[in-house]
Number of protein chains: 2
Amino acid sequence: MTSADPEPESVPTVSNSPADIVLTSQLQDVPVDRATAAARRVIDALLRTDRTNANLDRVAEELDNIADHLEQHAPVVAERLIDMWRGEGVTRHDPVTGPENAIAAPLALTGRADGSVDGVVTLTLPYQGPPGHVHGGVAALLLDHTLGVANAWSGRSGATAQLNVRYHRPTPLFEPLTVSGRMVSEDGRKINSAGAIHSADGTLCVSVEGLFIDKRVPRPR
Amino acid sequence: MTSADPEPESVPTVSNSPADIVLTSQLQDVPVDRATAAARRVIDALLRTDRTNANLDRVAEELDNIADHLEQHAPVVAERLIDMWRGEGVTRHDPVTGPENAIAAPLALTGRADGSVDGVVTLTLPYQGPPGHVHGGVAALLLDHTLGVANAWSGRSGATAQLNVRYHRPTPLFEPLTVSGRMVSEDGRKINSAGAIHSADGTLCVSVEGLFIDKRVPRPR
């Protein structure tokens, strides 16, 4: 993850906050979160449904109508970018934890007293690589983001400079996975972090080491 | 990428096929591809639309109705898994290139005479990490998958064992990116591959080295 420039006062860290708080944007009972949750169901169901018997021509038409409607009410992208980066230090729209992003599972991450962060997520067919298992690149995506959140929880933030991902065993779909991360060391602008994905029985599936550089992309204004 | 066990006769390689052929599953003019393309528009538009003025309560209801309908026509997952892994050596449903997966941009990859593969893709808001730029984990996802396709084009296939991703510059959204990969060397069951993402002006944004092990997850039967 690369962060936007921070609003330090709004970012919870292990030294300014109670432990065991959720660091990612929470699902709210608001229309945009409900619509996004429903879109996630559609993405998943499109991969599962009967190819010949589910009247997919009509489904295509209905989805295109919904997209037309949403696009008609969309501001130009430059304006939307300014708006989406305003407010919450934690984003609501990223592809891993964002309640407003239908691509996100979403993963919720909790900050622990020892400086680590972790969360549990169950992945389904949209995230498949090998048969019945998580795509290796999806594991990398989840871990990259988790390291970014772990860095923030340790009071640092930066752009990913290097990510080394090791695949120990195939990561299963359809069962709760624990994704965890922590900042390991810092040296000036360099931040070293590590993380892992474990399956429900505690087996290590994927581990990661990341090097981050404290350098930020400015928020759109 | 980790592959399913191969059906070697059906997999095009640089030594058995003409150059410049598309290796990934192509978008077809069939209902499931049209419905999935429409779902991609919805995912994107949900991130862009006006939060207060787009009648998102009604959109949520309509999307839930579509998901209900699709789920009613879905076989149990075990059956669907057998069916989705039948047929084409190249998958239609992965999260990078799959025309049937709304999470996929999708990226189409072409095999070249020199053994490399490449493709061009423009990413939008669902793939955002830092403001206006591609999420580092999404870049890793695209590259992991591209190396898998490159290995297949070189006549090999295997599970990702290690992925080293280096981020040289922020990767821009909203402009055509070239994603490329090639097998670099092989040593028994070990396969070494490398790839990159370049922006439209030829700037190197992300590079990757991958180690793959020739070991496959069996297809569901």
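Rule-based calculations on the coordinates, nothing more; no lab input. Just so it is clear, the structure is predicted and the values come from calculations on it, not from any experiment. Here the Cβ positions follow ideal geometry from the backbone for every residue, glycine too, while neighbour counts run over all protein chains shown.
Would you kindly state how much longer the chain becomes between B:HIS168 and B:VAL22 on full extension, computed as 0.36 nm times their sequence separation minus their alpha carbon distance, in nm to one decimal?
On the way: separation 146, 0.36 × 146 = 52.56 nm, distance 2.82 nm.
My answer for the length gained is 49.7 nm.
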Within 10 Å of the Cβ of an average residue in B:117-129, the count of other chain Cβ atoms is 4
Rounded tilt (10° steps) of B:31-48 against the dominant C-alpha axis of chain B:
70 degrees
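Pairs of alpha-carbon atoms within less than 8 angstrom and 6+ residues apart define the contacts here; what relative contact order does chain B have, in percent?
Numbers: 423 pairs, mean separation 53.9, N = 221.
Computed value for chain B: 24 percent relative contact order.
Mean residue ellipticity at 222 nm from the helices of the protein assembly as shown, using -39,500 (n - 2.57) per DSSP H segment of n ≥ 4 over the full residue count, to the nearest 500 deg cm²/dmol? Walk me through the numbers on the way to the answer.
Numbers: 8 runs with 122 residues, N = 442.
Roughly -9000 deg cm²/dmol at 222 nm, from the helical runs in the protein assembly as shown.
Can you tell me what the convex hull of the Cα atoms of region B:21-213 projects to on average, as an area in nm²?
12.9 nm²
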Excluding same-chain residues fewer than 8 positions from A:LYS190, which lysines have a Cα within less than 21 Å of its Cα?
A:LYS215
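Could you tell me what % of all Cα pairs in the protein assembly as shown have separations over 33 Å?
Working: 29123 of 97461 pairs.
Here the tail beyond 33 Å accounts for 30 percent of pairs.
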Residue mean of other protein chain beta carbons inside 10 Å, A:201-212
1
Pop a pseudo-label 7 angstrom from the Cα along the beta-carbon direction at both B:ASP57 and B:SER185 and give the gap in nm to one decimal.
6.4 nm
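What does the average come to when, for each residue of peptide B:98-108, you count the partner chain Cβ atoms lying within 10 Å of its Cβ?
On the way: counts 3, 0, 5, 7, 11, 13, 2, 0, 0, 0, 0.
If you average over the peptide's residues, the count of other-chain Cβ atoms is 4.
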Roughly how many whole Å is it from the C-alpha centroid of region B:18-51 to that of region A:85-126?
25 Å
